[in-house]
């Protein structure tokens with residue numbers, strides 16, 4: 001089975017490459033814009049691919065002829081999307097349409113990553129059957145891409161997720177856990193939202209769900225996130241991360257969404273019901289404390305210069 005990953009330099013993309021290399025019978029084609037930033041260079045093929053370039057997308061997918069594409073590439077900075085709607089559309093909507101065009105008249109299984117932000121946060125946690133109501137440019141772009149996938153091909157799965165955290169080969173890339181740990185270790189005061197609720201997702205768990213969807217040829221929408229019981233306010237999640245690493249929680253400054261004045265509006269309370277993913281993908285997420293232990297062991301193994 002030949003699997004092509006877009007966005008392989010990102011957190012999820014890197015985890016997919018490493019975990020697929022441990023999966024028998026899989027040929028891995030990793031693609032991302034620019035040079036390969038994954039430390040391991042053997043066992044898979046890497047191709048530079050700018051997904052916003054239609055000709056590149058059609059050419060590379062046409063040559064590779066993958067059995068499955070896992071599309072992780074996207075513009076995910078929510079405020080940047082709000083300030084640059086055209087750039088957001090190019091990466092989150094137009095690029096998906098290029099991928100759909102490239103696999104027309106083929107049996108390629110498309111697994112497309114999406115977000116809890118397609119919901120308005122008025123009635124979380126959400127199941128796959130709940131009606132989206134996006135609040136931001138980013139969220140609207142992700143819903144538009146979902147609809148394009150659903151309406152344009154029969155052979156698809158959409159995996160929505162929430163706040164991915166984990167360790168990449170390039171530790172310059174941050175996420176909720178690494179940002180909290182790094183900031184507090186440097187004794188920086190951090191402003192943290194009090195009135196938004198999420199269930200963060202360990203990157204390895206999300207990669208497992210994507211791979212399961214590929215191997216099982218799963219179809220439809222799947223909600224994949226941290227366990228339901230881990231859904232909590234962002235500030236409580238940050239405090240739990242700080243406590244795990246024995247860091248100074250007095251540096252955490254509580255702020256409301258209104259006070260923070262972020263350009264893009266966020267849903268207040270999401271969280272996912274995971275029954276379908278558990279049943280159809282065999283999904284069993286780690287709790288936040290378990291995920292933090294995994295991250296700690298990975299950071300301990302990293303060379304000092306990374």
Under the condition of being out of contact with any strand residue (DSSP E or B) (no Cβ under 7 Å at 6 or more places or on another chain) and touching a residue at least 40 places away in the same chain (Cβ under 8 Å), which residue from the range 105-117 is farthest from residue 4 (Cα to Cα)?
-> 117
Checking residue 90 against (1) in contact (Cβ under 8 Å) with a residue 40 or more places away in the chain; (2) closer than 30 Å to residue 264 by Cα; (3) buried (at least 16 other Cβ atoms within 10 Å of the Cβ), which test does it fail?
-> (1)
Matching entry among 80, 95, 74 (being without any contact (Cβ under 8 Å) to a residue 12 or more places away in the chain and either part of a loop (DSSP other than H, G, I, E, B) or closer than 24 Å to residue 174 by Cβ (or both)) = 80
Which of the residues belonging to the range 148-163 are out of contact with any strand residue (DSSP E or B) (no Cβ under 8 Å at 6 or more places or on another chain) and in a loop (DSSP other than H, G, I, E, B)?
-> 154
Just need a number here: residues in the range 253-269 that are in contact with a strand residue (DSSP E or B) (Cβ under 6 Å, 6 or more places away or on another chain) and surrounded by 20 or more Cβ atoms within 10 Å (Cβ to Cβ).
-> 0
Taking the condition out of contact with any strand residue (DSSP E or B) (no Cβ under 7 Å at 6 or more places or on another chain), without any contact (Cβ under 8 Å) to a residue 60 or more places away in the chain and within 18 Å of residue 203 (Cβ to Cβ), does residue 14 pass?
-> no
Sort out which residues of the range 8-26 are more than 20 Å from the chain's Cα centre (by Cα) and surrounded by 15 or more Cβ atoms within 10 Å (Cβ to Cβ), and write them in order of number.
-> 26
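Restricting the search to the range 222-260, which residues are part of a strand (DSSP E or B), closer than 28 Å to residue 277 by Cα and in contact with a helix residue (DSSP H, G or I) (Cβ under 8 Å, 6 or more places away or on another chain)?
Result: 222, 223, 232.
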Collect the residues in the range 163-181 that are farther than 22 Å from residue 17 by Cβ and either at pLDDT below 90 or surrounded by 24 or more Cβ atoms within 10 Å (Cβ to Cβ) (or both), keeping them in residue-number order.
-> 180
Breaking point among (1) part of a loop (DSSP other than H, G, I, E, B); (2) touching a residue at least 12 places away in the same chain (Cβ under 8 Å); (3) closer than 23 Å to residue 206 by Cα; (4) out of contact with any strand residue (DSSP E or B) (no Cβ under 9 Å at 6 or more places or on another chain), for residue 128 | (4)
Does residue 273 satisfy the condition of being surrounded by fewer than 18 Cβ atoms within 10 Å (Cβ to Cβ), over 25 Å from residue 169 (Cα atoms), under 18 Å from the mean Cα position of the chain (by Cα) and in contact (Cβ under 8 Å) with a residue 12 or more places away in the chain?
-> yes
Among the residues of the range 1-24, count how many are in contact with a helix residue (DSSP H, G or I) (Cβ under 9 Å, 6 or more places away or on another chain) and assigned to a loop (DSSP other than H, G, I, E, B).
-> 4
Quick one: how many residues across the range 49-71 are over 20 Å from the mean Cα position of the chain (by Cα) and not in a loop (DSSP other than H, G, I, E, B)?
-> 11
Can you tell me which residues in the range 135-147 are in contact (Cβ under 8 Å) with a residue 12 or more places away in the chain and either in contact with a strand residue (DSSP E or B) (Cβ under 9 Å, 6 or more places away or on another chain) or buried (at least 20 other Cβ atoms within 10 Å of the Cβ) (or both)?
-> 136, 137, 138, 139, 141, 142, 143, 145, 146
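The values are calculated or read from the model by the stated rules, or taken from the named source; none is laboratory data. Note that this is a predicted model, so its numbers are computed, not measured. Glycine also receives a Cβ, built like all others from the backbone with ideal geometry; neighbour counts cover every protein chain displayed.
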